[in-house]
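Here is the structure we will look at, set down as structure tokens.
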Amino acid sequence: MPCQTVDHVRLSEDGTALVILDQRRLPLHREYLYLQTQEEMYQAIRTLAIRGAPAIGIFAGFAMYVLAQRMPREKRGEFERCFRAASAYLNSSRPTAVNLSWALRRMERVLDIHPEADPAALLPLLRAEAQAILDEDIAMCTAISEHGLALLRPGDGVLTHCNAGPIATSRYGTAIGPLILGAERGMALRAFADETRPLLQGARLTSWELQNAGVDVTLICDNMASSVMKNGWVQFCFVGCDRVAANGDTANKIGTSGVAVLAKHYGIPFYVLGPSSTVDLACPTGAEIEIELRDGEEIRSMWYAEPMAPAGVKCWNPSFDVTDHSLISGIITEKGICRPPFTESLRALF
Ligand code: MRU
């Protein structure tokens, strides 16, 4: 059966609320949140109830439609001021994934290209734009999964880091999309999922999604990747991305660059998979990508019955790192596989 959307980000029946699957509660609890205010939406992104670069973009599109319905509609000027302020506020929730600002800009452009339209007339246009962002992501993820699967042979093992599956996108996902598509076609593939400290997206989300899809998945701690590679159990590394700079430097979940360094050492091809909406040609290199810093409590005490570190110990908790383009074998978008030199192959995408 073809991979379904998990119904993890959608409008409520009457269209006045944004409904999301709370990813913080997975895999044990399947709980949905109904969001209507910009504070609730900001917190949902900030606390990772919704996460994964493309899913955050889809969320942002529908969020702006829901918020627009609650804004003053008498005067266009007042509506527009509120709309742009709400967009800026949501944009400040997480800095690294470009898909958030990309989707918000698309929603604001609806206002730009209809300068005379009154707010009531803008609402259906905003809803259609949000739906287009979702529909395009489904098509992009399906194509990315096909391109990735074309690299794999039956029996191959793939190591992945963090979660770039259906709930991080719209359908199939990016990095694990080829594995899910392969399973649908009866192809025997093996996945190794890094648990992904400190928030355990690999343990909680990737291994859950792959198990559900019938993929042979083995969960490992992050510090076991070297042994898995040395044992010859993986032929590829597939990871997602939060922002790809013009030179191919790629921001993704903290720990990704370490996987790339190991893959280089063991001669294992390392691929980045993501929709073209994650490529940011305005960002020349990885040095210009802002890396989100998160609360040290995520390292000190979260997930434990008791804190596992001395209270107040200094922590450094970057959410992402940048993998140097020299470590990347290819960047797979919906349009195919970009090869080095990425400055040229990425520019040719647009
Ligand atoms: O902090 P997160 O869980 O949002 O980080 C997610 C990742 O790093 C993913 O690999 C990336 O967003 C790509 S999702 C298709």
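The values are calculated or read from the model by the stated rules, or taken from the named source; none is laboratory data. Worth saying up front: this structure is predicted, and the values here are computed from it rather than measured. Cβ coordinates were reconstructed from backbone atoms using ideal geometry, including for glycine residues, and neighbour counts include every protein chain displayed. For the accessible areas, the whole protein counts, side chains as well, though only heavy atoms, and no ligand, DNA or RNA atoms are used. Shrake-Rupley method; radii C 1.70, N 1.55, O 1.52, S 1.80 Å.
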Angle between the Cα long axis of helix 256-266 and the longest principal axis of the chain, 0 to 90 degrees, nearest 10?
30
What nm value, rounded to one decimal, do you get for the distance between CYS315 and ARG70 when each label is placed 7 Å out toward the C-beta?
3.0
Between SER92 and ARG46, what length comes free when the chain is fully extended (0.36 nm per residue of separation minus the Cα-Cα distance, one decimal in nm)?
15.6 nm
When you count, for each residue, the other Cβ atoms within 10 Å and take the mean per peptide, how do 56-62, 264-270, 277-283, 205-211 rank with the highest first?
56-62, 205-211, 277-283, 264-270
Return the sequence-ordered ³J(HN,Hα) values of region 243-255 in whole Hz as given by the Karplus equation 6.51 cos²θ - 1.76 cosθ + 1.60 applied to θ = phi - 60°, using x for Gly and Pro.
7, 10, 6, 4, 8, x, 4, 10, 8, 8, 3, 3, x
Acute angle (nearest 10 degrees) that the helix 76-91 long axis makes with the longest principal axis of the chain, alpha-carbon atoms
20
Solvent-accessible area, 1.4 Å probe, carbon plus sulfur percent, for region 148-349
55
Evaluate the distance, in nm, between pseudo-label points positioned 7 Å from the Cα of SER12 and of THR343 along their respective Cα→Cβ axes.
5.2
When we measure straight from the Cα of LYS264, which aspartates and glutamates land under 20 angstrom away, once same-chain ones fewer than 8 places off are left out?
ASP156, ASP194, ASP222, ASP249, ASP321, ASP324
Global geometry of region 148-349, whether rounded, prolate or oblate, following the gyration tensor of its Cα atoms and the 1.5 cut on a/c
oblate
Burial order of peptide ranges 7-19, 128-140 (average beta-carbon count within 10 Å, highest first):
128-140, 7-19
Relative to the first principal axis of the alpha-carbon coordinates of the chain, what is the inclination of helix 98-112, with its axis defined by its Cα atoms, in degrees from 0 to 90 and to the nearest 10?
20
Report the Cα centroid-to-centroid distance between region 265-284 and region 94-141 in angstrom, as an integer.
25
Charge dipole (region 206-350, unit charges on Cβ, about Cα centre) - positive-most of ALA305, MET224, SER319:
MET224
Roughly what percent of Cα-Cα pairs across the chain reach past 25 Å?
51
For region 268-332, count all C-alpha to C-alpha pairs, find those more than 18 Å apart, and express that count as a whole percent of the total.
56
For region 72-180, state which trypsin sites (Lys or Arg not before Pro) are in a DSSP loop and have at most 14 other beta carbons lying within 10 Å of their beta carbon.
LYS75
